[in-house]
Amino acid sequence: DLHPLDILSEVIPAGRLAHGMRVFKVQGVRGFQLAASQPSALVFPASRLFIHCDRFPEEFSIIVTLRVLSVPAKRNEYVFTLMAEESPSVLVGLRYAPNKLHFLFWSPEHAGSWQTRVTFPNVSLSDNQWHTLILAVSGQSFSLTVDCSISKDVVAETPFPASLSVKRASFYLGNRRRRKGMFTGLLRQLVLLPGADATPQICTALNFRVATLSVPTVLQDFPAKSVSNEVLKYPYETDTKVTLGTRPPCTKQEKAQFWFNASQRGLYLCNGSTWISMLEVHQRLDYVEEYQNLVTNSETMGVEVFTIPKVGLFAATANRFTPPGSAIYKWTDGKFAPYQNIPTYQAQSWKYFTIGKKIFLAVANFEQNDRGQEFSVIYKWSRRKEKFITYQRIATHSARDWEAFVIEGEAFLAVVNHREGNNHNIDSVIYRWNPSTGLFETNQTIPTSGAYDWEFFTIGPYSFLAVANTFNGTSTKIYSHIYIWLSGSFQLFQSILTSGAADWEVFHIGNRVFLAVANSHSYDSGMPAPSNFYAINSSIYELNITAQMFVKFQDLLTYSALDWEFFSVGDDSFLVVANSFDGFTFSVNSIIYRWQGYEGFVAAHHLPTVGCRDWEAFQTAEGSYLLYSNAKEPLSKVLKLKTT
């Protein structure tokens, strides 16, 4: 019958904050800022927690919810320490360094007594997000769980002491009895749970990052209402800012910030990626109009729209022929204008990504270069030249697609290899960024069959990678696979039967997670030919959390579908499909489907397209747009979404 011991609440008995202690509300969650307080103000005797016994528990969990600011290299910040009077030694402590978490304890049972440090590497918390840590200790076993993800386990040579005296010892919050190493972030929860691993109790909430076991009253989401009009007892503050003028960027750094559009009298909130309307009447999609005919170097197999901070909006087209290769266009005076040509070899797609301050653009080349070499190329943005320049060449086999993603602070780049000669059953490769060499190096290979596309996504603390397998040499009716990241590599999670799968698109509507596959054609050498190889269903799957798998939600008739693109207008959600060929002509209507809730997706707009291969949705200060690539003519198109 051991209860949680709320260390954080003990620092503010009767709700009185220490001098300099502040309450901030960030991303809708309250936490304490301690940096302005003196260490002597953030202390209380251990006897206040350990009333009946002056020994620290032999087995226990420590639960911490915090928001860490960027910590400079070679600097440590203490979350808490337990220290004896008149001794500089830390009996028990937790401190954070860049990408590391250290658990400290004193070992009086060993000759001479010494301090033991248990280190958990690759713990990335400095992203200005809330995180919940659960440290479970039992003997020589130390386990750390971050945001209820897979635990990191360490077996130490020195066990945690079976009898650690806390006589005349005190807890210090956010420090080790001095200013050096003071915790500069926000702290919401700090709990000691004797005798148990707290993970099963904590990891039941939907929002793992702020999972709660015990939180001081002042930090709770719904504090009791005052019975009078007295002034608030606590000095609440926020880091909310309101920006005026033209539409500013909306990234993780601007999350929870407001933008006021004076011309339209609209107030918007940044959710970390897009501006969400708060006051104005929500826009609704009325119709779609042709906005720009984008003349390309040759037929366009794929397109990537991206923004380079402080430079502008760009579109990269993956063009079929060399010369002249592929092109990059810059949004200038409300239109895309030619900006840079890059030699490519039957390019299939581009992928824009960043690593720290470095900006990259990777092209998937389908054919060999002039020297008979088959490379796909990663280009790096030169701030001095304001151009993309060659950075790294990677040997690929009829590459179709690149996917860039980050897991646990490490950057990865995955390539889809379509075939080698006539063999479609080959390995696709996942590369890991090596910070020491500044290059991508092979990390894992995954068998694929005529693959077209990778799609990376996360659900809670878990990371997934889905591959669209298209053709195994005899049939397009084959399994495409979803992999989950476990113990440092991707492992098979689920297999879904597809027909010439060309694209996966993951999207969220509310708390629901969907995965749409674009099926391009139905062919099996051992079966009678269908009446139409290309008029087949593409499918939308929904994550069933109870079954821990994706289950079919809806089938939609498509015509050699090659791409799905999800986008929103106001409160409405849409999917647009790239229909490329109906068995007779490449002039086929591509369709925008509107989300209708119980009815699923319903056709809303039919768009005349020719050889449609890829869709990209993007926004500027002037409005919302769709860009589609034309794989049959050197003329792609920008469409403008007209709203009411």
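Observations
- Residue-span extension gain [residue 544 to residue 527] - 0.36 nm each, minus C-alpha spacing: 2.8 nm
- The calculated FRET efficiency for residue 75 paired with residue 246, based on their beta-carbon distance and R0 = 45 Å, is about 0.75.
- Across the options 556, 543, 630, the greatest Cα extent toward the positive end of the charge dipole of region 285-643 (unit charges at beta carbon of Lys, Arg, Asp, Glu) belongs to 630.
- Calculated [θ] (222 nm, deg cm²/dmol) that DSSP helices of n ≥ 4 give over the chain, each run adding -39,500 (n - 2.57): 0 deg cm²/dmol
- Charges were assigned to the Cβ only: +1 to each Lys and Arg, -1 to each Asp and Glu. The resulting dipole of the chain about its Cα centre is roughly 2480 debye.
- Label positions at residue 479 and residue 387, each projected 7 Å from the Cα along the C-beta direction, are separated by 4.9 nm.
- Positive-end residue of 416, 356, 184, charge dipole of the chain with Cβ unit charges: 184
- By the rule of a second cysteine Cβ within less than 4.7 angstrom, the chain holds isolated cysteines at 53, 612.
- Residues in region 415-429 reached by a label modelled at residue 472 [backbone nitrogen below 11 Å; 7 Å Cα→Cβ]: 425
- For the chain, the solvent-accessible area works out to 46 Å² per residue, with a probe of 1.4 Å and every protein chain left in place.
- Between residue 119 and residue 267, the modelled labels are 4.9 nm apart [label points 7 Å from Cα along Cα→Cβ].
- Here the accessible area of the chain is 50 percent carbon and sulfur, with a 1.4 angstrom probe and all protein chains present.
- Per DSSP, loop chymotrypsin sites (Phe, Trp or Tyr not before Pro) in region 546-644 with at most 11 further Cβ within 10 Å: 584
- Computed about its Cα centre, the charge dipole of region 424-520 is approximately 180 debye, with only Lys, Arg, Asp and Glu carrying charge at their Cβ.
- The residues packed around residue 633, meaning those with a beta-carbon under 13 Å from its beta-carbon, carry a net charge of +3 if Lys and Arg are +1 and Asp and Glu are -1.
The values are calculated or read from the model by the stated rules, or taken from the named source; none is laboratory data. Predicted model, so just to flag it, every value in this text is computed and none were measured. When we count neighbours, we look across all protein chains shown, and the Cβ atoms used for this are built from the backbone with ideal geometry, even at glycine. Quick note on the areas: whole protein, heavy atoms, side chains included, nothing else; ligands and nucleic acids left out. Shrake-Rupley method; radii C 1.70, N 1.55, O 1.52, S 1.80 Å.
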